[in-house]
Amino acid sequence: MAAAASTTSLSAAFSSLSLQSHHRLHRHSLHSSFPTSIPSFSFLSKPHKPTPIKASPGDIETTFFDNDDPELVSSFSPPDRPEDFIPPPSFDEGPFESEDDIARAYEELYGPAYSGETFLGNDVYVMDSKVKKATGFGSKTKKEKIRDGFDERVVQVRRVTKVVKGGKQLHFRVVVVVGDKQGNVGVGVGKAKEVVAAVQKSAVNARRNIITVPMTKYKTFPHRSEANYGAAKVMLRPASPGTGVIAGGAVRIVLEMAGVENALGKQLGSNNALNNARATVVAVQMMRQFSQVAEERGIPMEELWK
């Protein structure tokens, strides 16, 4: 029985050795059949760990402040200033800006002052800020009409087209005359994509160019006047009481908005409404009252007719 057990153990050992040798031969044959130029895969190998650099004790320098007192308060002494050093001015020192300089700088940034006076151009009677905006939830922005005593009259509405690279852009150009019918009148022009916006722009522009029309007690001109603006020429003549305003086109609208009740007007040049309106404004600006002429000559006003 013992001999049989020993023979079975020996046979099992020999069979395991033969199987291992067979597997080794099979592996060798497989490796030899593949080409030798197969690249090696780096992820199969272990990653390389860099060796840390250790500092030697001789490389570290340590300074000990044994002689310093920690309770002692040290004061910083700044370096000496050079001989040509000029100290900067303080904010509390002058020269201070005057109110006119501040208003002028404000006008350069945001436009004329709200008070109606300007330092860079003509007098301004109304500002864009007076156009109040009323907004609410679910409602569009609405602009209230300016209430400053001036009436508005639309003289002309034209469609203008601008040719650009992508096509044509359509806008509306509106000429508006504003006046209080008490001697103040202004002509303005504005352009926008909508007629209402163009009217508002031109009205603001007209209020920025208000002039005063010299009139007698009979609501007429003191003397004759003629003026040109571009190709337009306008002639103005005084008239007796009860005549009314005998004129046409933009000249009549400007005179009515100014408060003139008796006058004669004639357009002698172009029929352009904007140029005729501005020519009327130029002709009115050339007029002078009798008191102004007498003051310039240094004589009483009664001697003007002698």
- Message: Going through GLU226, GLU296 one at a time, which residue ends up being over 30 Å from HIS171 (Cβ atoms) and not assigned by TED's automatic domain parsing to the domain that holds VAL177?
- Response: GLU296
- Matching option when the condition is surrounded by 22 or more Cβ atoms within 10 Å (Cβ to Cβ), in contact with a Leu (Cβ under 7 Å, 6 or more places away or on another chain) and in a helix (DSSP H, G or I), among ALA283, ALA294, ALA277: ALA283
- Query: If a residue has to be more than 14 Å from MET287 (Cα to Cα) and either in contact with a Gly (Cβ under 9 Å, 6 or more places away or on another chain) or assigned to a helix (DSSP H, G or I) (or both) to count, how many in the stretch 230-248 make the cut?
  - Reply: 8
- Message: Can you report the number of residues in the stretch 178-194 which are under 19 Å from VAL284 (Cα atoms) and part of a loop (DSSP other than H, G, I, E, B)?
- Response: 4
- Note on the structure: Inside the stretch 251-274, the number of residues satisfying the requirement of being among the aliphatic types (A, V, I, L, M), under 19 Å from MET215 (Cβ atoms) and either touching a helix residue (DSSP H, G or I) at 6+ places or on another chain (Cβ under 8 Å) or not in a helix (DSSP H, G or I) (or both) is 8
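The values are calculated or read from the model by the stated rules, or taken from the named source; none is laboratory data. Note that this is a predicted model, so its numbers are computed, not measured. Neighbour counts are summed over all protein chains in view; Cβ atoms, including those assigned to glycine, are modelled from backbone coordinates with ideal geometry.
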